[in-house]
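The structure under discussion appears below in the form of structure tokens.
The values are calculated or read from the model by the stated rules, or taken from the named source; none is laboratory data. Since the structure is predicted, the reported quantities are computational estimates derived from the model, not experimental observations. Please note: Cβ atoms are built from the backbone with ideal geometry, for glycine as well, and neighbour counts cover all protein chains shown. Ligands, DNA and RNA are stripped out before the accessible areas are found, and what is left, the full protein with its side chains, is counted by its heavy atoms. Shrake-Rupley method; radii C 1.70, N 1.55, O 1.52, S 1.80 Å.
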Amino acid sequence: MIIDEKGKLFGKINLLDLFLILIILLVLAGAAVFFIGGGGLTGPGTIPLTYTVEIKQKDAEYFSHVIEGEQVIDGVTKEHVGEIVSLSLEPATHTAQADDKLLTATIDGKFDGFVTIKGDATVRYPDLLLGESISIKIGNDMALRSESVAMHGYVVDMDYDESRLKEMK
């Protein structure tokens, strides 16, 4: 007989022990699939993301502290959100309505800065997350800090591989 009177398979392996071994192997296989095959934070569930934050109406001295290569953290959660890649400046403007017209004037000595940051985003479709919990979308208000400066602005541009995002639905 395959199972004897003591409940052992081929007289050597207890069926309860065999069942427990199979459960442990299934749990380990599931964990491996999660972390290696797509659900883990370091696997294919993470995509490179470059985003631009617009910082309005600051003087040139302020922007001299925005340094390429510095690491950036979220000012609220203190989570790492990337590295400064570039900075571009434009003269700051102010728009006002007079009667039925919009008038735009340049503000002397003030600039609007566009800080481009590169980082990794975790995909939790349909959201992209910086760190564990910071959802990033065009128009998001962000408070950021680097080693040299605290920044506050709005996300105006995002660049990532959209085909990878669609694959992870």
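Structure values in brief
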{"item": "Prolate/oblate/rounded label for segment 97-156 (Cα gyration tensor, a/c 1.5)", "result": "oblate"}
{"item": "Average accessible area per residue (Å²) across segment 97-144 - probe 1.4 Å, nucleic acids and ligands excluded", "result": "59"}
{"item": "Exposure of Glu147 as accessible area (Å², to 10), given a probe of 1.4 Å and all protein chains", "result": "140"}
{"item": "³J(HN,Hα) computed for each position of segment 104-110 - Karplus, 6.51 cos²θ - 1.76 cosθ + 1.60, integer Hz, glycine/proline x", "result": "10, 10, 7, 9, 4, x, 10"}
{"item": "FRET efficiency estimate (nearest 0.05) - Cβ-Cβ, Asp159 to Lys78, R0 22 angstrom", "result": "0.30"}
{"item": "Estimated FRET transfer efficiency when R0 is 25 angstrom, pair Ser86-Glu132 (beta carbons, to 0.05)", "result": "0.40"}
{"item": "Percent accessible area from carbon and sulfur atoms, segment 92-169, protein chains only, probe 1.4 Å", "result": "46"}
{"item": "Accessible-area ranking of His152, His65, largest first, probe 1.4 Å", "result": "His152, His65"}
{"item": "Prolate/oblate/rounded label for segment 27-130 (Cα gyration tensor, a/c 1.5)", "result": "prolate"}
{"item": "Cut-off 11 Å between beta-carbons: net charge of the residues surrounding Ser86, Lys and Arg +1, Asp and Glu -1", "result": "-1"}
